[in-house]
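Below is a structure I'd like to ask you about.
The values are calculated or read from the model by the stated rules, or taken from the named source; none is laboratory data. As the structure is a computational prediction, the values presented were derived from the model and not from experiment. Every residue, glycine among them, receives a Cβ derived from its backbone with ideal geometry; neighbour counts consider all protein chains shown.
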Amino acid sequence: MSTTTSSLWQQPQEVRVTGPMAQGFETILSQEALHFVAELERNFGNRRRELLKLRTERQERLNRGELPDFLERTSGIRQSEWKVQPAPQDLQDRRVEITGPVDRKMLINALNSGAKCFMADLEDAHSPTWQATIEGQINLRDAVNRTLSYTSPEGKAYQLSDELATLIVRPRGWHLEEKHVQVDGRRLSAALLDFGLYLFHNAKQLLKQGTGPYLYLPKMESHLEAQLWRDIFTWSEKRLHLEHGTIRCTVLIETITAVFEMDEILYELRDSICGLNCGRWDYIFSFIKRFHAHPECVLPDRSLVTMAVPFLSAYSKLLINTCHRRGAHAMGGMAAQIPIRDDAKADAEAKEKVRQDKVREAENGHDGTWVAHPGLVPIAMEVFDQYMPGPNQLDHMHDDLNLTSSDLLAVPEGEITEAGLRNNVSAALRYMAAWLGGRGAVPIHHLMEDAATAEIARSQIWQWIRYPKGVLTDGRKVTYQLFDRTVSDELDLVREEVGELAYEAGHYEQAASLLRQIVAADDFEEFLTLPAYEELD
């Protein structure tokens with residue numbers, strides 16, 4: 001990465017940028033933008049840290065046997081009648097959304113894909129190297145200004161079409177910090193950096209185009225965390241002279257604690273929120289993580305934990321009912337399949353899985369869904385066009401739904417197999433190697449994997465090793481020694497597949513060391529990306 005020698009770039013006194021300044025970075029990391037981000041950190045950084053402490057305290061109570069439930073103190077919010085603000089015109093019809101990282105080629109292909117919306121991801125599909133993070137902000141700015149283009153090393157040119165998907169940006173979660181930027185001597189919240197830079201540089205241009213600054217908010221665990229985002233929005237709108245309610249958001253319900261506070265999250269953000277999303281993969285990970293100390297809460301093979309199992313079906317239907325009662329969109333989850341170009345039969349089977357998944361979501365009453373690849377947009381679009389002729393299904397309710405907390409916490413039955421163990425090792429190892437190499441969305445075994453699926457894989461292995469239920473169908477107990485041998489076997493497979501040079505350059509040994517360390521630790525690691533981030537440039 002070439003660094004700029006411009007003597008014109010200066011940091012505000014209260015901000016210290018330690019990442020190298022490549023050419024063009026100074027246009028994003030301007031004094032004004034950094035000062036805005038520093039103000040965000042000074043105003044809201046301590047509250048973020050306090051909320052993370054509350055997560056730790058809640059985890060300690062869960063470890064002692066307390067179970068999450070609907071909050072008694074907020075029952076009035078759940079029982080009273082109120083609505084969120086209607087979504088803006090370009091978020092009324094969200095029947096198919098595509099997601100992906102913020103590199104230039106992906107941005108262009110996704111915006112041109114024919115999907116209604118594109119979630120540009122600075123979170124789970126993003127490896128947050130300093131270069132990729134700031135280049136991502138440059139790419140987002142160029143996309144907003146319709147100047148984004150890309151020429152591949154082979155000379156193929158990519159340009160934006162006239163008709164583009166509506167842009168929605170996902171910043172990083174509250175738990176992450178940006179090690180390359182310090183405010184008053186402390187690392188800056190990664191969420192505030194991502195949000196602040198995007199809003200500062202693009203809000204007014206987006207409004208000129210008849211759209212707005214739209215966000216997907218990840219990994220919240222309570223309505224108190226939604227309160228924090230609400231106050232950040234209100235402060236930012238005043239600071240940048242934007243009308244109240246200019247910033248619009250959708251919240252991913254991807255933690256087992258947040259599912260009990262969906263009404264409250266909608267209420268806290270009612271002036272800005274447009275909907276909730278079933279972030280199914282992170283939700284499964286959250287279920288394992290929050291109950292990691294409970295031997296009875298061991299999940300079967302990852303492939304068996306589908307949206308048809310009772311606790312996930314209950315989550316989906318409750319989200320639909322909660323959203324529609326409040327006038328908010330209920331977005332479905334991700335289809336991780338990708339086209340398989342060299343095997344027509346496997347390709348047809350993968351696309352049929354996508355179709356069936358989207359039929360289930362549309363019939364259940366979701367207002368839209370996610371896909372990970374442009375080739376799957378037409379399949380999902382056809383399903384929602386058939387089952388949802390209007391722009392949404394806000395009038396669809398499950399009138400007979402009578403769920404209890406037990407329904408949302410029911411542990412699914414199923415087998416643990418050697419193939420399941422090997423698949424988990426393979427997915428976690430290959431994804432972590434790619435992530436350490438700067439790639440956040442990775443095709444593995446014909447699925448587009450991101451950090452959430454790697455989290456499920458490594459956390460299941462941690463569970464299976466420690467608890468009596470972690471027994472394979474052939475009678476063998478899953479042990480650390482078995483896991484360790486499986487890692488070695490997978491490394492041999494990778495070396496054979498990619499060749500010696502690519503193997504040595506591919507961070508596989510580094511990933512294996514990190515995976516072994518996380519699985520061996522007696523204390524369950526909150527996020528694998530936290531220790532892994534310290535090894536990134």
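Right, residue 328: surrounded by 21 or more Cβ atoms within 10 Å (Cβ to Cβ) and more than 24 Å from residue 450 (Cβ to Cβ) or not?
The answer is yes for residue 328.
Can you confirm whether residue 41 is loosely packed, with under 15 Cβ neighbours inside 10 Å and either in a loop (DSSP other than H, G, I, E, B) or modelled with pLDDT of 95 or more (or both)?
So residue 41 does not fit the description; no.
Could you pull out the residue among 136, 100, 76 that is assigned by TED's automatic domain parsing to the domain that holds residue 249, in a helix (DSSP H, G or I), among the small types (Gly, Ala, Ser) and within 30 Å of residue 223 (Cβ to Cβ)?
136
Taking into account only those residues within the range 332-366 that are closer than 23 Å to residue 112 by Cβ and under 19 Å from the mean Cα position of the chain (by Cα), which is surrounded by the most Cβ atoms within 10 Å (Cβ to Cβ)?
Here the answer is 332.
Let me ask something else. For the range 186-222, give me the residue count where each residue is of a type in the set (Lys, Arg) and touching a helix residue (DSSP H, G or I) at 6+ places or on another chain (Cβ under 8 Å).
Residues meeting the conditions: 2.
Which of the numbered conditions does residue 436 fail, given that it passes all the others? Conditions: (1) within 21 Å of the chain's Cα centre (by Cα); (2) more than 30 Å from residue 296 (Cα to Cα); (3) surrounded by 23 or more Cβ atoms within 10 Å (Cβ to Cβ).
Exception for residue 436: condition (3).
Only one of (1) touching a Gly at 6+ places or on another chain (Cβ under 7 Å); (2) at pLDDT 95 or above; (3) of a type in the set (Gly, Ala, Ser) is not met by residue 441, so which one is it?
Result: residue 441 fails condition (2) only.
So is residue 493 modelled with pLDDT of 95 or more and either among the charged types (D, E, K, R) or within 14 Å of residue 426 (Cα to Cα) (or both) or not?
Criteria met by residue 493.
Conditions first: (1) more than 29 Å from residue 511 (Cβ to Cβ); (2) aliphatic (A, V, I, L, M); (3) surrounded by 19 or more Cβ atoms within 10 Å (Cβ to Cβ); (4) not assigned by TED's automatic domain parsing to the domain that holds residue 372. Residue 71 passes all but one, so which condition is the exception?
(3)
One line per residue, one yes/no per condition, for (1) touching a Pro at 6+ places or on another chain (Cβ under 9 Å); (2) of a type in the set (Asp, Glu); (3) without any contact (Cβ under 8 Å) to a residue 12 or more places away in the chain:
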{"site": "95", "(1), (2), (3)": "yes, no, no"}
{"site": "107", "(1), (2), (3)": "yes, no, no"}
{"site": "111", "(1), (2), (3)": "no, no, no"}
{"site": "124", "(1), (2), (3)": "yes, yes, no"}
{"site": "134", "(1), (2), (3)": "no, no, no"}
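Within the range 22-29, identify whether any single residue is touching a Phe, Trp or Tyr at 6+ places or on another chain (Cβ under 8 Å), part of a loop (DSSP other than H, G, I, E, B), over 30 Å from residue 267 (Cα atoms) and not small (Gly, Ala, Ser), and answer yes or no.
Within the range 22-29 (the criterion being touching a Phe, Trp or Tyr at 6+ places or on another chain (Cβ under 8 Å), part of a loop (DSSP other than H, G, I, E, B), over 30 Å from residue 267 (Cα atoms) and not small (Gly, Ala, Ser)), the answer is yes, since at least one residue qualifies.
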